[in-house]
1. For the peptides 141-154, 160-173, what is the packing order when you average, over each peptide's residues, the other Cβ atoms within 10 Å and list the highest mean first?
2. With a Cα-only, solvent-free Debye model of segment 305-355, what are the log10 I(q)/I(0) values at q = 0.15, 0.28, 0.32 Å⁻¹?
3. Find how many whole Å separate the alpha carbon centroid of segment 304-355 from the alpha carbon centroid of segment 473-513.
4. Using all alpha carbons of segment 1-158, what is the percent of pairwise distances in each 10 Å bin, ordered from the shortest bin to the longest?
5. Taking 0.36 nm per intervening residue step and subtracting the Cα-Cα distance, what contour gain separates residue 396 from residue 490 on full extension?
6. Using mean Cβ contacts within 10 Å as the protection proxy, how do 595-603, 312-320 order, highest first?
7. Using the count of nearby Cβ atoms within 10 Å as a rough guide to exposure, how do 276, 109, 308 rank from fewest to most?
8. Please report 356, 507 as a ranked list, fewest other C-beta atoms within 10 angstrom at the top and most at the bottom.
């Protein structure tokens, strides 16, 4: 028999005995305890029922005796309950009693009870008069004493049953303990035998193997196990020896991987050095050629249409033939493959370039080397993509700057060119309207011209405010925002009442440092917007609060609200919400952009919160003036 079979068999027997012991102890012990508890509970109930029967009969007898002595029928009150209770107890006692002797004595007790009731008690109770016959009274006492005697006999039988049950439980417990002891002994013996077998056939050979493994872990890779002992131990020894040989190979491979990782890191460092592509390509080709022991290395990097480098290492090596370049370019990007008849391995980077290594002294390229080359190509490809993105961003930023300058020039030119004609239009229109002989129809037309010219003039003014070239830094002075807001609220009150809007102003002292007219313009724009976009019957509220660090101006309305998609672009010049255009609400879309420029120019922020159809809240937050 093999050691494995012996040890397995011993442990199987040990486990079987242990499981048997546990099962027997749990199941048998629990059943014995449960049976004993159930029997004790049943006996206790029978005992209690026997006591109840005697107590009920005693109540009935006491009631009859009291009636006999006094003739008072009130003494008979407990009689009926005692009699009924006794019979109920007898019935339940007969059902619950399991011992034949108890049942036999219970029959006697019931018979004695019936004799006393029908021969003595019932005739007295039925007649309603005390029985004065001394002989019958004496006989009644004797009969009840017989009931007590019979009850005592039942109690004695119950106690005997209890003692018998206790003795049986004790005997069963001793038998169970004996079985447990036998099983425990078998487990102990089996364990000792198994341990001795294990020590002889397993532990000694394993100790030799452990010593060899210690030598291997200490760096002595020449350590080997001398096979000895059973076949299993000899197989383990062979496995340890095989493991030692594999470890030597793995350590060599790990050293190669470490060198490969250093190569990838070195290439990544070169790519991040932001040198010219030709210099970077030459360094990468040199690093790859030396690391892989290649005769020649070829690297091509294409960062842009006008930024490309094709480098061979060493410098005297010729670049790849055109057919070879096309073959590499047609391959799947990011995958290493060997080139037939050239002892080379290559990886295509797609439109980002290629890398190719040629080695004739060792033409076979291992999978590990190919994986390393793929990782190297991945670093190059990632760097090229990043460089392309950087160049695209530089071009985009340059284009945006040109567009911004062109926009500034356009806005400046248009606004300045419009101001002179507008001044003439306004002047001549007002002059004509001042004439008395202008017909009413012409006067109405001229009023329309004048109103729209004023609108255009206001738009030109807004454009000038947005034109950064026209902005001049004003002197920063202390400004009382509460006074500004109160004045604006008073000025715009008529416009609010004209639309039947309820307006409320809640201000507290709030001082900031800045340009008063500009801040007034910003608050005016927000208040006018609230009036413009709130339907008749709505409500406006301007609330000014201040802390030690900030002053907040919040203007809330119950207007048409702003669609959620339009909120991010609210403060962009010429941006108008979709619902405002649908309802043909006039305006060029410059006011909120001007508010943003004014507030940010004062070191503050402006934000909007809106719910479509419910209204909007615009909040300006400015740095508070210290010491106010």
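1. Packing proxy ranking, top to bottom: 141-154, 160-173.
2. One equal scatterer on each Cα of segment 305-355 leads to -0.42, -1.27, -1.37.
3. 72
4. 10, 29, 19, 12, 8, 7, 6, 5, 3, 2, 0
5. 29.0 nm
6. My ranking of the peptides, most packed first, is 595-603, 312-320.
7. Values: 276 10, 109 26, 308 14.
Final ranking by Cβ density, sparse to dense: 276, 308, 109.
8. Exposure proxy ranking, most exposed first: 507, 356.
Values in this text are rule-based calculations from the coordinates and carry no lab data. Since we're looking at a predicted model, the values are computed, not measured. Positions of Cβ are backbone-derived with ideal geometry, glycine not excepted, and every protein chain shown enters the neighbour counts.
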